[in-house]
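The values are calculated or read from the model by the stated rules, or taken from the named source; none is laboratory data. Bear in mind that the values here come from a model prediction, so they are computed numbers and not experimental data. Glycine also receives a Cβ, built like all others from the backbone with ideal geometry; neighbour counts cover every protein chain displayed.
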Amino acid sequence: MVGTHGTSKAGLSVGHQAETDGRVWDGELVPDTRGRTSRPEPDCPVEVALAAVSGRWATLVLRELMHGPCSFGELRARLPTLTAKVLTERLGELLDQGLVAKDRLPGFPVRTSYRLTEAGLELRPLLVALYDTGSRVLAALPPHD
């Protein structure tokens, strides 16, 4: 394994690079072997992060839950064009991924509240970075006529 520091072909500063099997890996983009694959793998951290925010409405549901626990009705009120069917699907996927927890609140009628788990809260920097990157990409696009 050989380490290097320097500048990439695109002129960008690159961190530590590791050479394995004759291939040079950017240590910042691919810090360990889980990302050194030729196809999407379920244990690749990038694939896991993308799966967490994929699906129509997922980022908006996550955004709303970043503010704190919400009932199903509160989420519907905050995202009024989101159908109950799609919200149910998204919450189910986020529950299955361990990103959201469902709490039954005491009292009658029974109420349910959804909240982000610690893993779900870890998505905040990703959502912020996606927003910032998207803003920069939009600003760089040619104007529409």
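Of the residues making up region 79-100, those that are surrounded by 16 or more Cβ atoms within 10 Å (Cβ to Cβ) and either among the aromatic types (F, W, Y) or not in a helix (DSSP H, G or I) (or both) are L79, L82, L99, V100. Within region 101-118, the only residue that satisfies the criterion of being within 18 Å of the chain's Cα centre (by Cα), among the charged types (D, E, K, R) and surrounded by 10 or more Cβ atoms within 10 Å (Cβ to Cβ) is R115. Of the residues making up region 119-145, those that are among the small types (G, A, S) and either over 14 Å from L62 (Cα atoms) or not assigned by TED's automatic domain parsing to the domain that holds A58 (or both) are A129, G134, S135, A139, A140. So, Y131, is that one among the hydroxyl-bearing types (S, T, Y) and touching a residue at least 12 places away in the same chain (Cβ under 8 Å) or not? Considered against the rule, which asks whether it is among the hydroxyl-bearing types (S, T, Y) and touching a residue at least 12 places away in the same chain (Cβ under 8 Å), Y131 comes out as no.
When T33 is tested against (1) modelled with pLDDT of 95 or more; (2) loosely packed, with under 14 Cβ neighbours inside 10 Å, only condition (1) is not met. Of all residues in region 65-78, those satisfying the criterion of being surrounded by fewer than 17 Cβ atoms within 10 Å (Cβ to Cβ) and under 28 Å from P45 (Cβ atoms) are M66, H67, G68, P69.
Listed here are the residues, each with its yes/no results for (1) surrounded by fewer than 16 Cβ atoms within 10 Å (Cβ to Cβ); (2) at positive phi; (3) outside any helix (DSSP H, G or I).
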| residue | (1), (2), (3) |
| --- | --- |
| E41 | yes, no, yes |
| G120 | no, no, no |
| V137 | yes, no, no |
| P142 | yes, no, yes |
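Here R56 meets each of (1) surrounded by 14 or more Cβ atoms within 10 Å (Cβ to Cβ); (2) in a loop (DSSP other than H, G, I, E, B) with one exception, condition (1). Pairs are defined by a Cβ separation below 9 Å, a sequence spacing of at least 6 or placement on different chains, a first member in region 71-92 that is within 19 Å of L105 (Cα to Cα) and in the same structural domain as S54 (by TED's automatic domain parsing), and a second member that is modelled with pLDDT of 95 or more and β-branched (V, I, T); the pairs so defined are F72/T88; L75/V61; R76/T83; L91/V61; L91/V100.
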